[in-house]
Each structure stands twice: as structure tokens, then as C-alpha cells.
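The values are calculated or read from the model by the stated rules, or taken from the named source; none is laboratory data. Fair warning: this is a prediction, and the values are worked out from it, not measured in the lab. Here the Cβ positions follow ideal geometry from the backbone for every residue, glycine too, while neighbour counts run over all protein chains shown.
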Amino acid sequence: MQVEITTRNYKATKRVRESIDDKTDKFEKYADLDQIRVTLGVEKHDQICEVHLRTKGLDFHSSASSNDMLVSVDRATDAIEKQLRRHKRKVVDSRRSHGSSAGKTSAAALEAVLDAEVSRDDNAEEEY
């Protein structure tokens, strides 16, 4: 995973960079990540953090602003983590629902076949 930190009108401190690294390391458990781009900037009195995350086929984006850059980083990374969790839950639920419905379908089909065989056997006995 590649983390790219860009700044605009702001000099990122070591503490902010460490915070970004710690927060972005958590993203690995939700998806296979290609790239994370973090943009830090100052506009008037707001300290803004934008996070853009790229996975296979999907992009996630979050932005947060506050009076403190660390708070902005926390809010933006928490929002991305929430998006990733929601996406992973959808993928897992989709896999579970397709797997369980396939099992039910095959079980229902098997039961229908067995019922048909039983009814054929009953009809064959009545003919004798």
C-alpha cells in the first residue's frame, strides 16, 4: 500500500504524519488497497484533511475540517473507515445471502425430486 501525503499552505509535523500512518494502517483489514492519498491544507482558519483511497475498482473519498489538523485527520480517516466497513459488510452479506439461497434452492430441489420419487412409488404400488 502506498500512502501519499500532500500539503497545501501547511507544513506537516512529525506527529501529524505518524497519526496518518497509524490511522491508514487500519484500512488494510477492510480491503486490498492500491493507494491512499492524503491532502492537508489550510484555508482561512480551517485546517482541512482530505483522504482519497483507491481499491480494486472502487474509490473512497472523505474530507474534514476543524481548528486543529489532528482532529481533521481523525475525522476524515474515521469517515473513510466507516465507508470501508459498510462496503465490506455489503460484500460479506451478499456472499452469505447468495450462498445460503443457493443452499436453500438446492435443498428445495432435492426435496422436490424426493417427493416426486415417493409419489411415483405410491402410484406404482396402487397399480399392482
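Points to keep in mind about this one:
- Among the criteria (1) within 18 Å of Asp78 (Cβ to Cβ); (2) modelled with pLDDT of 95 or more; (3) buried (at least 17 other Cβ atoms within 10 Å of the Cβ), the one Thr24 does not fulfil is (2).
- Looking across segment 41-77, the residues that are surrounded by 15 or more Cβ atoms within 10 Å (Cβ to Cβ) and assigned to a helix (DSSP H, G or I) come down to Met69, Leu70, Ser72, Val73, Asp74, Arg75, Ala76, Thr77.
One line per residue, one yes/no per condition, for (1) closer than 20 Å to Tyr10 by Cβ; (2) modelled with pLDDT under 95:
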| residue | (1), (2) |
| --- | --- |
| Thr39 | yes, no |
| Lys44 | yes, yes |
| Ile48 | yes, no |
| Ser66 | yes, no |
| Val71 | yes, no |
| Arg85 | no, yes |
| Val92 | no, yes |
| Lys104 | no, yes |
| Ala109 | no, yes |
